[in-house]
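Asks: Structure in structure tokens, see below.
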Amino acid sequence: MRARLSVRDDIGILAGCVNPAAGLLWPMPTVKREAGFTIKVNTRGKHNPPHVHVIKGGGEIRVKMGDDETPPSYWDEKCPMALQDKVKAVFLVDKYQAECLEVWRKFNGHIR
């Protein structure tokens, strides 16, 4: 089992996410804010693989959350983000993986 840093935060904060291509707005709970990054989980049904959206400035990427045996990994880019910020984003998701998984399970069920 991988060691985890357990840091609690208010995960109930809701913020909207706009998909410019589709013109959609839906709530995504904020899991963590740190160093200019915001980590959010989509609440619109099951979205596999389990992932979070990491936003910094105008950039946004999706990071697969992994599980107790698998570390998080970069998935794709929704809006351009600098490479160094993508690397930091994946490290942040790893740091707060337990909280990310907790929020995912609350809205989307168990990890497959």
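The values are calculated or read from the model by the stated rules, or taken from the named source; none is laboratory data. These figures come from a predicted structure and were not determined experimentally. Cβ placement follows ideal geometry from the backbone for every residue including glycine, while neighbour counts extend to all protein chains displayed.
Asks: Across the stretch 20-49, what is the number of residues that are in a loop (DSSP other than H, G, I, E, B) and at pLDDT 90 or above?
Replies: 3
Asks: For the stretch 95-106, which residues satisfy the criterion of being more than 13 Å from Arg62 (Cα to Cα) and part of a helix (DSSP H, G or I)?
Replies: Here is the first cut: in the stretch 95-106, the ones more than 13 Å from Arg62 (Cα to Cα) are 95-99, 101-106.
Hits for the stretch 95-106 are Lys95, Gln97, Ala98, Glu99, Leu101, Glu102, Val103, Trp104, Arg105, Lys106.
Asks: Provide a single number: the residues in the stretch 63-92 that are buried (at least 19 other Cβ atoms within 10 Å of the Cβ) and of a type in the set (Lys, Arg).
Replies: 1
Asks: Those residues that are assigned to a loop (DSSP other than H, G, I, E, B) and out of contact with any strand residue (DSSP E or B) (no Cβ under 9 Å at 6 or more places or on another chain), I need them from the stretch 70-88; list them, please.
Replies: Matches in the stretch 70-88: Pro71 only.
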